[in-house]
């Protein structure tokens, strides 16, 4: 991340999540903030971990497992990621 913008916007995080979801979304489901990661996008648990690891690497954060299990939608993942990048 650029040093002049330490906290990414919700839109930047959403765009990054969409980019990371591409390989796990072969049916090209529309991705919105309300999309259920497992329910709507049909992302399996292994792919969810890959997605989380991609976000952790990109933003240099650590998303606790108990938080991951509570995240159901893309919007919740955006919010959790943004919260962690502000800490």
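Considering each of 51, 77, 34, 20 in turn, give the residue that is surrounded by 16 or more Cβ atoms within 10 Å (Cβ to Cβ) and touching a residue at least 40 places away in the same chain (Cβ under 8 Å). Break it down stepwise before answering.
Numbers: 51 fails: touching a residue at least 40 places away in the same chain (Cβ under 8 Å); 34 fails: surrounded by 16 or more Cβ atoms within 10 Å (Cβ to Cβ); 20 fails: touching a residue at least 40 places away in the same chain (Cβ under 8 Å).
Criteria check complete, one pass: 77.
If you scan segment 63-74, which residues turn out to be closer than 22 Å to residue 23 by Cα and touching a residue at least 12 places away in the same chain (Cβ under 8 Å)? Talk me through it step by step, then tell me what you get.
Within segment 63-74, the first condition is being closer than 22 Å to residue 23 by Cα, and the residues that meet it are 63, 68-69, 71-74.
63, 68, 71, 72, 73, 74 - these are the residues of segment 63-74 that are closer than 22 Å to residue 23 by Cα and touching a residue at least 12 places away in the same chain (Cβ under 8 Å).
Can you name the condition, by its number, that residue 8 falls short on among (1) in contact with a helix residue (DSSP H, G or I) (Cβ under 9 Å, 6 or more places away or on another chain); (2) farther than 12 Å from residue 81 by Cβ?
(2)
FYI, it's all coordinate maths here, none of it is from the lab. Computed from a predicted structure; not experimentally measured. Quick reminder, even Gly has a Cβ in these numbers, built from the backbone with ideal geometry, and neighbours come from all protein chains shown.
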